[in-house]
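To start, the structure under review is shown below, and the notes come after it.
The values are calculated or read from the model by the stated rules, or taken from the named source; none is laboratory data. A quick note: this is a predicted structure, and the numbers were derived from the prediction, not measured. Don't worry about glycine lacking a Cβ; one is built from the backbone with ideal geometry, like all the others, and counts go over all protein chains shown.
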């Protein structure tokens with residue numbers, strides 16, 4: 001069963017403050033950075049694929065999780081300091097990375113995942129060479145990391161004196177130069193259409209979940225989306241089902257983009273959505289119309305349909321089948337069918353019900369942790385109870401007995 005300690009350690013990403021030696025007009029937290037980094041990686045990677053190059057998305061997805069886990073362990077050690085330790089004190093840097101791995105040894109029950117984490121740390125620390133077939137994927141993720149850091153600096157630049165940020169800005173811009181051969185990076189840095197899309201998604205950083213009640217830690221919609229994406233992958237690993245890379249890619253990014261419409265509609269809380277029987281359908285219809293009008297024009301043609309596939313019927317198990325007229329049709333299927341008949345990339349499979357489980361698991365952790373910290377309200381208590389009541393004991397969805405995990409969280 002997915003380990004409670006591991007999930008709560010991952011949840012600490014919402015509590016780690018970024019740029020906390022500068023003036024910040026809004027909270028900048030590590031989970032939000034992880035989310036934006038992966039949205040940027042998606043865009044850069046899609047441009048590379050459009051140019052005929054191969055991207056290992058499974059490696060990028062796992063690497064994004066490992067980077068977040070490493071950041072949670074090291075917390076406030078700034079990147080330039082880590083680089084100096086690596087350059088001037090290589091033996092101590094090796095010990096530091098070994099210490100990071102020890103923090104997770106007893107809380108990651110998935111032996112293969114921990115082994116992959118160990119290999120990733122060794123490669124990024126320079127102990128093992130990066131395989132040639134992973135070099136482009138590694139550069140895409142690193143470029144996304146640098147650009148998302150630059151965006152954070154740009155957003156707080158207006159409230160910081162030039163003397164505070166000039167060196168940081170110069171160093172970041174210099175580091176970004178080595179990634180300007182990537183077409184997506186070129187367009188982002190020069191603020192073309194992909195930049196406008198990122199700007200729209202960044203609005204999810206400013207939207208607070210459960211915004212009708214005090215709560216700690218506060219979680220943004222964007223950070224929540226990454227947490228749900230990570231939980232989705234971890235839940236799928238629990239089933240021991242061997243997934244195609246396309247299925248894993250679809251599951252992760254459909255979870256990452258599942259609240260994308262809220263970039264233009266804002267977060268409509270569940271009690272309001274369910275105020276009448278017909279309101280959920282009406283809200284969904286309005287969301288779809290606004291997304292088509294305001295978001296789709298900001299997407300490039302070679303990934304727009306894919307993102308819409310991710311966000312339409314986002315909590316349903318589904319595949320795509322090509323019709324006689326050449327158009328793709330979304331077909332809803334059972335989980336057993338996904339495993340037995342439609343798991344290959346030919347059918348573009350998505351475990352949407354697992355995304356829904358991860359979404360509810362995230363909401364339960366958000367409410368339960370605040371209550372345990374002593375910041376509670378009727379909204380949080382009822383939200384926690386409603387989530388628990390939605391899943392009876394013994395119920396198995398997409399191969400997962402989620403109530404056991406829920407009960408472990410609140411214990």
ask   = Can you pull out the residues in segment 1-51 that are without any contact (Cβ under 8 Å) to a residue 24 or more places away in the chain and under 16 Å from the mean Cα position of the chain (by Cα)?
value = none
Residue 394 vs. criteria at pLDDT below 95 and more than 26 Å from residue 31 (Cα to Cα) = yes
remark   = Flagged in segment 343-356 as assigned to a loop (DSSP other than H, G, I, E, B) and either at pLDDT 95 or above or surrounded by 20 or more Cβ atoms within 10 Å (Cβ to Cβ) (or both), in numbering order, are 348, 349
ask   = So which of 313, 288, 359 is surrounded by fewer than 20 Cβ atoms within 10 Å (Cβ to Cβ) and assigned to a helix (DSSP H, G or I)?
value = 288
ask   = Here are 151, 205, 215: which of them is surrounded by 16 or more Cβ atoms within 10 Å (Cβ to Cβ) and in contact with a strand residue (DSSP E or B) (Cβ under 7 Å, 6 or more places away or on another chain)?
value = 205
